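Have a look at the structure below before the remarks.
The values are calculated or read from the model by the stated rules, or taken from the named source; none is laboratory data. All figures in this text were calculated on a predicted structure; none of them were measured in a lab. With ideal geometry, Cβ positions are generated from the backbone for all residues, glycine too; neighbour counts draw on all protein chains shown. Side chains included, ligands, DNA and RNA excluded: accessible areas come from the protein's heavy atoms. Shrake-Rupley method; radii C 1.70, N 1.55, O 1.52, S 1.80 Å.
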Amino acid sequence: VINLEAIKNNVENLANYNCDGFPYEGPTYFLNGVQSFQHSVDTYTTNFPNAKVINIEGAGHYPHVDKPGATAAHIEKALLEAKK
């Protein structure tokens, strides 16, 4: 069971969470649908300083559903970059 009330009441805390000086330094990719809510890049780089934010045109909150081909292409590219 998902506690939607708790998520609703704490959404700002979730988006602004700070890992208290222990960020993940490895490669990290965030896929966002352009038609969905957009967080600032700082939201990601606070805890993931090497984050790449990839915006998928024509997709909403579920880019893997709205644009599966574009999503798969971005995932493939990210995996190839991480492998280097």
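I'd like the carbon and sulfur percentage of the solvent accessible area for the chain, probe radius 1.4 Å, heavy atoms only, ligands and nucleic acids excluded.
Values: 3710 of 6380 Å².
With neighbouring chains kept in place, the figure for the chain is 58 percent.
Check ASN47: other-chain or 5+ apart residues with amide H under 5 Å from its amide H, H built from backbone geometry?
When sequence neighbours closer than 5 places are left aside, there are no close amide H contacts.
Enumerate lysine pairs in the chain that are 8 or more residues apart or on different chains, then count those whose Cα atoms are under 16 Å apart. Write down the numbers at each step before the final one.
On the way: LYS52/LYS77; LYS52/LYS83; LYS52/LYS84; LYS67/LYS77.
Step by step, the pairs that qualify in the chain add up to 4.
Could you pull out every residue, at least 5 positions away or on a different chain, whose amide H is within less than 5 Å of the one on ALA59? Hs are placed 1.01 Å off N in the peptide plane, and Pro or chain starts have none.
Sorted by chain and number, the residues that satisfy this are VAL34, GLN35.
Report the accessible area of LYS77, computed with a 1.4 Å probe over the heavy atoms of all protein chains in place, in Å² rounded to the nearest 10.
Its accessible surface works out to 120 Å², give or take rounding.
Using a probe radius of 1.4 Å on heavy atoms only, what accessible surface per residue do you get for the chain? Whole Å² is fine.
Values: 6380 Å² over 84 residues.
That works out to 76 Å² for each residue.
How long are the semi-axes of the equivalent ellipsoid of the chain, taking √(5λ) for every eigenvalue λ of the Cα gyration tensor, in whole Å from largest down? List each step's numbers first, then the result.
Working: eigenvalues 106, 79, 23 Å².
Working from the Cα gyration tensor, I get semi-axes of 23, 20, 11 Å.
For the pair GLU12/VAL65, report the inter-label distance in nm, with labels modelled 7 Å from Cα in the Cβ direction.
2.9
How high is the relative contact order of the chain? Use alpha-carbon pairs under 8 Å, at least six apart in sequence, and give a whole percent. Intermediate values should be presented prior to the final figure.
Values: 91 pairs, mean separation 22.5, N = 84.
It rounds to 27 percent for the chain.
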